[in-house]
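Here the structure is laid out as structure tokens; the discussion comes afterwards.
The values are calculated or read from the model by the stated rules, or taken from the named source; none is laboratory data. Note that the structure is predicted; figures quoted are calculated from it, not measured. Cβ placement follows ideal geometry from the backbone for every residue including glycine, while neighbour counts extend to all protein chains displayed. We work out accessible area using only protein heavy atoms, side chains counted, and drop any ligands, DNA or RNA first. Shrake-Rupley method; radii C 1.70, N 1.55, O 1.52, S 1.80 Å.
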Amino acid sequence: MDKKILPLFQKVRNLINEKDLSIKTIYNYTFDGKDGIAFEYFDINNQFKTMSYRKMQKQIIKFASIISDMLKDKEKHSVVILKLSNSPEWCISFYAILMAGFKPLLINATTRTDGVMNLARQAKAVAIVTDDPFNYDDLTEIYIDNLYFRKPSKDFVPDWEDEVIFCSSGTTGDVKLMVFNGENLCHQIASCLDMPYETDTIMYPRSYGRIKLLAMIPFHHIFGFVAIFLWYSIYRETFVFPSSMNSSEIQKLCVTRKVSHVYSVPLFFDSVARQFNRTIDMAEEPIKGYLKALLAMNLEGGEPLNKIVVKKIQQKLLGPSIRMCISGGGYLSNETMRTINGIGYPLHNGFGMTEIGVTSVELSSDVNTRLKCSVGKALYGVNYKIAGGAKQGELLVKSPSIHVKEIIGGVLKNSEFDEEGYFHTGDIGEMEEDGRVYLKGRAKDVIINANGENIFPDELEFYFKDVKNIGAYTVLGIKKNKNSHEEAVTLVTVVCDLDKDVVGDLANNIRKAAVNLPNGVKLDEIYVTTAPLPIATNRKVKRLTVKQDIESGSATYINVNDIQNAKEVYNFDDEVVMNILVPVKRLFAKVLLLKESDISNDAHWINNLGGDSMNFFELITLINKEFNINIPDDKFIHLTCVNEFVKLIMELKKESK
């Protein structure tokens with residue numbers, strides 16, 4: 001343990017010993033003492049800017065005054081929706097809403113209008129703070145631009161609210177909203193108190209270097225809110241906001257702004273690991289052998305063969321300034337854990353839920369311990385146990401940081417705990433004697449996607465109810481491969497016969513409906529069957545039975561791709577090949593770090609080429625720039641190979657003439 005680091009945590013000890021454990025107290029601790037740089041960001045003109053904590057505080061007071069004035073006819077302590085992407089404005093508006101006396105409901109900035117209104121009705125919201133142009137009936141619309149340009153009231157007096165509301169990823173039907181109060185959040189901050197005994201990289205004095213956090217994980221998400229915004233703003237550390245979710249832009253930002261801490265979902269680290277592994281695969285000997293030896297040496301805990309080479313490798317990834325990486329919100333593969341740690345970036349695995357906050361992180365400095373992919377021991381003030389006292393079973397959590405109330409279907413009630421005060425997570429875990437926990441999977445049928453987000457099948461089924469000629473159907477998650485915990489969103493439906501044209505028409509109708517799925521969720525697979533779906537006594541489809549049958553290779557369920565096996569024949573003339581197909585394939589190779597000769601024209605972006613959603617957006621950006629076009633969002637779902645990109649580019653070019 002570094003004795004210079006331990007005193008830093010005295011500030012948190014003082015906080016948790018306060019009589020008033022409130023959000024107001026957290027705010028006061030955040031803005032006491034010396035000033036510092038709060039934000040590094042790009043403005044609307046893509047110009048790089050910074051903002052200090054002192055400037056941030058002034059803006060909070062200004063925004064709070066204006067919000068209070070705009071909502072003077074609304075009842076205090078009502079709900080105000082905060083719908084913004086990560087930005088300085090999000091951070092300022094969060095505290096401003098609370099200071100004005102209203103409860104912020106934190107939602108995804110991409111939530112569609114109908115989803116927003118559904119959330120508003122159930123939370124009984126009176127207003128929305130946003131930067132989008134949509135009309136929200138019955139809500140007072142507070143636009144960010146207005147908060148900047150309106151004059152604040154001179155006689156404004158803060159009237160602090162002490163509750164914050166988080167929502168699940170569901171936005172249709174009866175949603176579940178979690179209510180946290182100031183005491184919960186104070187204890188969430190205090191959960192870091194044992195960390196200096198485990199690690200010297202999660203927090204350290206300024207004399208050791210600046211802490212700069214990549215503010216990529218949305219702050220409406222409990223992981224981003226707690227692990228980045230809440231924990232580090234109280235120490236007045238710096239948040240670096242990317243201008244886009246383009247993976248190459250994020251990596252460039254980490255290098256140029258010397259980001260030190262990267263906390264993200266597994267998908268991000270998977271992408272970095274894939275990029276490095278493909279760099280190795282494309283290298284010639286003896287460089288390839290040298291890079292593999294370098295990776296192995298780092299994993300053995302030895303000194304790198306050549307620190308200059310390590311630095312050059314890191315310069316092409318996230319930069320040489322990275323000192324702490326944490327993955328949370330989903331399953332982290334051992335392969336990714338090995339690669340990222342082998343590069344020299346200390347990657348740790350953590351656990352939390354919207355209902356309980358962040359409750360554990362594997363903080364060991366020993367790389368071999370981290371490679372086991374545990375989610376660590378329960379943090380300070382948190383107790384873990386396995387249901388029934390067994391070594392493996394449902395993980396139960398007791399902590400003063402767990403939400404105190406919840407709103408389900410518009411009804412407010414107390415949070416549910418068992419007779420011993422434990423919250424049942426629904427996750428299956430295994431606990432070692434030393435308290436380390438290893439997660440084994442979900443107890444429920446919630447789908448976990450590549451971003452680690454929860455996808456609710458009941459919600460998705462709503463979008464397919466009007467599909468022409470669809471029979472009985474269900475939506476569930478199917479493992480993408482035997483060794484993966486990532487699940488493909490899959491629709492299974494009953495058909496009268498397996499005629500290729502009938503199945504093809506139905507599949508096309510289903511895919512058209514899938515374009516409207518909420519919050520970026522996409523339909524990965526469609527299966528059909530001529531047999532009735534298994535039904536439980538409550539008249540619901542037995543998803544687990546269907547899931548097990550498909551994953552075991554049962555012939556009862558057939559992937560529509562197998563029925564539609566005959567692919568469309570693309571006969572491009574020489575001019576198209578030279579002017580469109582060749583550049584498209586070159587861009588595929590550039591983004592995927594593959595040789596052009598390894599990319600066939602009909603190879604699937606994910607299934608055959610190993611791409612993912614993050615580098616897909618990078619590809620879209622490059623193709624738009626290369627051909628001076630703008631590919632519409634609703635076309636993304638159809639673009640899975642070189643041929644489909646070429647065909648669409650030809651259509652868009654023709655339309656523009």
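Can you tell me which of (1) under 18 Å from Ala488 (Cβ atoms); (2) without any contact (Cβ under 8 Å) to a residue 24 or more places away in the chain is the one Leu639 doesn't meet?
All conditions are met except number (2).
Which residue pairs have Cβ atoms closer than 8 Å, lie 6 or more positions apart in sequence or on different chains, and pair a first residue in region 491-507 that is assigned to a loop (DSSP other than H, G, I, E, B) with a second residue that is among the aliphatic types (A, V, I, L, M)?
Matching pairs, first to second residue: Val495/Val502; Val495/Val503; Val495/Leu506; Val495/Val528; Cys496/Val502; Leu498/Val528; Leu498/Ile558; Leu498/Ile563.
Residues checked against (1) charged (D, E, K, R); (2) over 25 Å from the mean Cα position of the chain (by Cα); (3) in a loop (DSSP other than H, G, I, E, B):
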{"residue": "Asn579", "(1), (2), (3)": "no, yes, no"}
{"residue": "Ala589", "(1), (2), (3)": "no, yes, no"}
{"residue": "Asn601", "(1), (2), (3)": "no, yes, yes"}
{"residue": "Trp605", "(1), (2), (3)": "no, no, yes"}
{"residue": "Asn608", "(1), (2), (3)": "no, no, yes"}
{"residue": "Phe616", "(1), (2), (3)": "no, no, no"}
{"residue": "Leu622", "(1), (2), (3)": "no, no, no"}
{"residue": "Ile649", "(1), (2), (3)": "no, yes, no"}
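Out of all the residues in region 542-563, which are at pLDDT below 80 and open to solvent by less than 50 Å² (accessible area, probe 1.4 Å)?
Of region 542-563, the ones at pLDDT below 80 are 562-563.
Once the filter is applied, which keeps residues that are at pLDDT below 80 and open to solvent by less than 50 Å² (accessible area, probe 1.4 Å), region 542-563 yields only Ile563.
Report, by residue number, each residue of region 598-617 that is closer than 18 Å to Ser244 by Cβ and in contact (Cβ under 8 Å) with a residue 40 or more places away in the chain.
Hits for region 598-617 are Asp612, Ser613, Met614, Asn615, Phe617.
Of the numbered conditions (1) assigned to a loop (DSSP other than H, G, I, E, B); (2) closer than 14 Å to Pro104 by Cβ, Val179 fails exactly one; give the number of that condition.
(1)
Return yes when Ser327 is more than 24 Å from Thr621 (Cβ to Cβ), among the hydroxyl-bearing types (Ser, Thr, Tyr) and out of contact with any strand residue (DSSP E or B) (no Cβ under 9 Å at 6 or more places or on another chain) and no when it is not. Don't jump to the end; show me each part of the working.
Numbers: more than 24 Å from Thr621 (Cβ to Cβ): yes; among the hydroxyl-bearing types (Ser, Thr, Tyr): yes; out of contact with any strand residue (DSSP E or B) (no Cβ under 9 Å at 6 or more places or on another chain): no.
No; evaluated as a whole, the condition is false for this residue.
Identify all residues within region 622-655 that are basic (Lys, Arg) and more than 20 Å from Gly611 (Cβ to Cβ); write none if there are none.
Lys653, Lys654
Among the listed residues Asn368, Asn383, Asn334, Asn341, which satisfies the condition of being in contact (Cβ under 8 Å) with a residue 40 or more places away in the chain and surrounded by fewer than 17 Cβ atoms within 10 Å (Cβ to Cβ)? Spell out how you get there, then give the answer.
Values: Asn383 fails: in contact (Cβ under 8 Å) with a residue 40 or more places away in the chain; Asn334 fails: in contact (Cβ under 8 Å) with a residue 40 or more places away in the chain; Asn341 fails: surrounded by fewer than 17 Cβ atoms within 10 Å (Cβ to Cβ).
Step by step, each of Asn368, Asn383, Asn334, Asn341 is checked, and only Asn368 is in contact (Cβ under 8 Å) with a residue 40 or more places away in the chain and surrounded by fewer than 17 Cβ atoms within 10 Å (Cβ to Cβ).
Residues that are polar (S, T, N, Q) and either within 15 Å of Met324 (Cα to Cα) or modelled with pLDDT of 95 or more (or both): does region 197-217 have at least one?
Taking region 197-217 and keeping what is polar (S, T, N, Q), we get 199, 201, 207.
Still in the running and either within 15 Å of Met324 (Cα to Cα) or modelled with pLDDT of 95 or more (or both): 199, 201.
Yes, region 197-217 contains at least one residue that is polar (S, T, N, Q) and either within 15 Å of Met324 (Cα to Cα) or modelled with pLDDT of 95 or more (or both).
Can Tyr148 be described as part of a helix (DSSP H, G or I) and open to solvent by 40 Å² or more (accessible area, probe 1.4 Å)?
yes
Going through region 386-411 one residue at a time, which ones are among the aliphatic types (A, V, I, L, M) and in contact (Cβ under 8 Å) with a residue 60 or more places away in the chain?
Within region 386-411, Ile402, Val404, Ile407, Ile408 qualify.
Do we find a residue being at pLDDT 80 or above, in a loop (DSSP other than H, G, I, E, B) and farther than 19 Å from Gly328 by Cα anywhere in region 436-450? Spell out how you get there, then give the answer.
Quick first cut of region 436-450, residues at pLDDT 80 or above only: 436-439.
Right, trim to in a loop (DSSP other than H, G, I, E, B) and you get 436.
From the residues that got through so far, the ones that are farther than 19 Å from Gly328 by Cα too are none.
Checked region 436-450: no residue is at pLDDT 80 or above, in a loop (DSSP other than H, G, I, E, B) and farther than 19 Å from Gly328 by Cα.
Which of (1) surrounded by 21 or more Cβ atoms within 10 Å (Cβ to Cβ); (2) over 23 Å from the mean Cα position of the chain (by Cα); (3) modelled with pLDDT under 95 does Gly389 not meet, given it meets every other one?
(1)
Looking at (1) exposed (fewer than 15 other Cβ atoms within 10 Å of the Cβ); (2) touching a Leu at 6+ places or on another chain (Cβ under 6 Å), find the lone condition where Ile629 falls short.
Every listed condition holds for Ile629 apart from (1).
Name the single residue that is nearest to Glu40 (Cα to Cα) among those in region 220-238 being in a helix (DSSP H, G or I) and open to solvent by 10 Å² or more (accessible area, probe 1.4 Å). Let's see the steps before the verdict.
Step one: of region 220-238, the residues in a helix (DSSP H, G or I) are 222-233.
Okay, now just the ones that are also open to solvent by 10 Å² or more (accessible area, probe 1.4 Å), so 222-223, 231.
Details: Ile222: 22, Phe223: 20, Trp231: 18 Å.
Here the residue is Trp231.
Conditions first: (1) at pLDDT below 80; (2) in contact with a Gly (Cβ under 8 Å, 6 or more places away or on another chain). Lys482 passes all but one, so which condition is the exception?
(2)
Pairs needed: first member in region 256-267, in contact (Cβ under 8 Å) with a residue 12 or more places away in the chain and under 22 Å from Lys312 (Cβ atoms); second member anywhere, among the acidic types (Asp, Glu) and assigned to a strand (DSSP E or B); C-beta distance under 8 Å; at least 6 residues apart or different chains.
Qualifying pairs under 8 Å: Arg257/Glu40.
Restricting to region 124-140, name every residue that is over 13 Å from Leu84 (Cβ atoms) and either open to solvent by 10 Å² or more (accessible area, probe 1.4 Å) or in contact with a Cys (Cβ under 8 Å, 6 or more places away or on another chain) (or both). Full working, then the answer.
Our first condition is that a residue be over 13 Å from Leu84 (Cβ atoms); within region 124-140, this holds for 124-127, 133-140.
Matches in region 124-140: Lys124, Ala125, Val126, Pro133, Phe134, Asn135, Asp137, Asp138, Leu139, Thr140.
Suppose we filter Glu430, Glu355 for residues that are at pLDDT below 95, under 24 Å from Ile340 (Cβ atoms) and surrounded by 14 or more Cβ atoms within 10 Å (Cβ to Cβ); which single one remains? Lay out the reasoning, then the answer.
Values: Glu355 fails: under 24 Å from Ile340 (Cβ atoms).
Going through Glu430, Glu355 in turn, just one is at pLDDT below 95, under 24 Å from Ile340 (Cβ atoms) and surrounded by 14 or more Cβ atoms within 10 Å (Cβ to Cβ): Glu430.
Which of the residues belonging to region 239-271 are small (Gly, Ala, Ser), under 17 Å from Ser333 (Cβ atoms) and open to solvent by less than 10 Å² (accessible area, probe 1.4 Å)? Lay out the reasoning, then the answer.
If we filter region 239-271 for residues that are small (Gly, Ala, Ser), which is where we start, we get 243-244, 247-248, 260, 264, 271.
Next, only the ones that are under 17 Å from Ser333 (Cβ atoms) stay: 264, 271.
The answer is Ser264, and nothing else.
State all residues of region 1-28 that are touching a helix residue (DSSP H, G or I) at 6+ places or on another chain (Cβ under 6 Å) and open to solvent by 30 Å² or more (accessible area, probe 1.4 Å); if no residue qualifies, say none.
Met1, Leu6, Ile16, Glu18, Leu21
Which residues, taken from region 271-288, are small (Gly, Ala, Ser) and modelled with pLDDT of 80 or more? It would help to see each step written out before you state the result.
Taking region 271-288 and keeping what is small (Gly, Ala, Ser), we get 271, 273, 283.
Of everything in region 271-288, those that are small (Gly, Ala, Ser) and modelled with pLDDT of 80 or more turn out to be Ser271, Ala273.
Count, please, the residues in region 296-339 that happen to be in contact with a helix residue (DSSP H, G or I) (Cβ under 8 Å, 6 or more places away or on another chain), in a helix (DSSP H, G or I) and either farther than 30 Å from Ile448 by Cα or modelled with pLDDT of 75 or more (or both).
Count: 12.
Being of a type in the set (Val, Ile, Thr), free of Cβ contacts under 8 Å to residues at least 24 places away in the same chain, open to solvent by less than 60 Å² (accessible area, probe 1.4 Å) and under 18 Å from Ser271 (Cβ atoms): is that true of Ile620 here?
Numbers: of a type in the set (Val, Ile, Thr): yes; free of Cβ contacts under 8 Å to residues at least 24 places away in the same chain: yes; open to solvent by less than 60 Å² (accessible area, probe 1.4 Å): yes; under 18 Å from Ser271 (Cβ atoms): yes.
In short, yes.
Counting just the residues of region 624-647 that are farther than 20 Å from Glu596 by Cβ and in a helix (DSSP H, G or I), which one comes out farthest from the chain's Cα centre (by Cα)? First the steps, then the outcome.
Here is the first cut: in region 624-647, the ones farther than 20 Å from Glu596 by Cβ are 624, 628-638.
The next check asks that each one be in a helix (DSSP H, G or I); those that pass are 624, 633-638.
Details: Asn624: 25, Asp633: 20, Asp634: 21, Lys635: 23, Phe636: 20, Ile637: 20, His638: 23 Å.
Within region 624-647, the match that is farthest from the chain's Cα centre (by Cα) is Asn624.
Tell me, which strands (runs of 3 or more DSSP E) wholly within region 28-89 include 3 or more residues that are among the β-branched types (Val, Ile, Thr)?
Details: elements: 37-42, 48-52, 79-83.
Where strands (runs of 3 or more DSSP E) fall fully within region 28-89 and carry at least 3 residues being among the β-branched types (Val, Ile, Thr), they are 79-83.
Taking the conditions exactly as written (open to solvent by less than 10 Å² (accessible area, probe 1.4 Å), touching a Ser or Thr at 6+ places or on another chain (Cβ under 8 Å) and of a type in the set (Gly, Ala, Ser)), does Ala100 satisfy them or not? Lay out the reasoning, then the answer.
Working: open to solvent by less than 10 Å² (accessible area, probe 1.4 Å): yes; touching a Ser or Thr at 6+ places or on another chain (Cβ under 8 Å): yes; of a type in the set (Gly, Ala, Ser): yes.
The answer is yes for Ala100.
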